[in-house]
Amino acid sequence: MNLDQIKIRTIKREDFDAVVKIDSSVFGATRPEYYEGKFFCSMEVKDQMVASMVAEVDGRIVGFVMCEFYLGEYGISPNEATIDTIGIHPEFQRAGIGRMLIEAATKRLKAAGVVKINTLVVWDDPKMVPFFSSFGFNPSPTINLELIP
Ligand SMILES: CC(C)(COP(=O)(O)OP(=O)(O)OC[C@H]1O[C@@H](n2cnc3c(N)ncnc32)[C@H](O)[C@@H]1OP(=O)(O)O)[C@@H](O)C(=O)NCCC(=O)NCCS
């Protein structure tokens, strides 16, 4: 695919259904509640959607990235952001769309004063680790602890 065919733009409320559909095609489960929170609550309360983007090909949404600013919780500085979720429709993967989305979101976050971007991946995920490494993401000095009670 020619990269000129891909348009990256800021996410809008009307993109909700398309994003939920791509998410379910990638993860195999539909989770509209998760995206309702992302789209509607944060958008209205704090304008946290500023760096979330979608990719369009011929007017069809084929990928998205959801980003949020941290708000100082857990000692994390407010000028840090997180990439929550990224999803590219299976038919459009490995065409450079994920790269375009991350680069656009990073540019937007940097312009907004963000100095560090975090994301969580399964440590040995064979797709996500090389994908994020290709932008210079490195393992952070903190680790995620969990308890299954
Ligand atoms: C992983 C994903 C986001 C990558 O997006 P993409 O548009 O397919 O990736 P790109 O074409 O932009 O690839 C950019 C670089 O990332 C790396 N990469 C991407 N997919 C990869 C894969 N499957 N295996 C290894 N490296 C990969 C490569 O370095 C690639 O550069 P190259 O093509 O020049 O070698 C996409 O395939 C996807 O949505 N996967 C499933 C969703 C998912 O697991 N989301 C995580 C939850 S947050």
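I'm checking my understanding of the structure. Among residues of the range 91-105 that are more than 8 Å from the ligand (Cβ to nearest atom) and touching a residue at least 40 places away in the same chain (Cβ under 8 Å), which one is farthest from residue 139 (Cα to Cα)?
104
Do you know which residues across the range 108-138 are of a type outside the set (Phe, Trp, Tyr), farther than 15 Å from residue 84 by Cα and surrounded by 11 or more Cβ atoms within 10 Å (Cβ to Cβ)?
Within the range 108-138, 108, 110, 112, 114, 125, 127, 133, 134 qualify.
Residues are listed down the side, and each one gets a yes or a no for (1) touching a residue at least 24 places away in the same chain (Cβ under 8 Å); (2) within 16 Å of the ligand (Cβ to nearest atom); (3) outside any helix (DSSP H, G or I); (4) closer than 21 Å to residue 54 by Cα:
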site: 108; (1), (2), (3), (4): yes, no, no, yes
site: 113; (1), (2), (3), (4): yes, no, yes, no
site: 122; (1), (2), (3), (4): no, yes, yes, no
site: 126; (1), (2), (3), (4): no, yes, yes, no
site: 135; (1), (2), (3), (4): yes, yes, yes, yes
site: 138; (1), (2), (3), (4): no, yes, yes, no
site: 143; (1), (2), (3), (4): no, no, yes, no
site: 146; (1), (2), (3), (4): no, no, yes, no
site: 149; (1), (2), (3), (4): no, no, yes, no
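Could you count how many residues in the range 25-49 are touching a strand residue (DSSP E or B) at 6+ places or on another chain (Cβ under 9 Å), surrounded by 13 or more Cβ atoms within 10 Å (Cβ to Cβ) and modelled with pLDDT under 65?
Qualifying residue count, the range 25-49: 3.
The values are calculated or read from the model by the stated rules, or taken from the named source; none is laboratory data. Because the structure is predicted, anything quoted here is derived from the model rather than measured. So basically every Cβ, Gly included, is an ideal-geometry build from the backbone, and we count neighbours across all protein chains shown.
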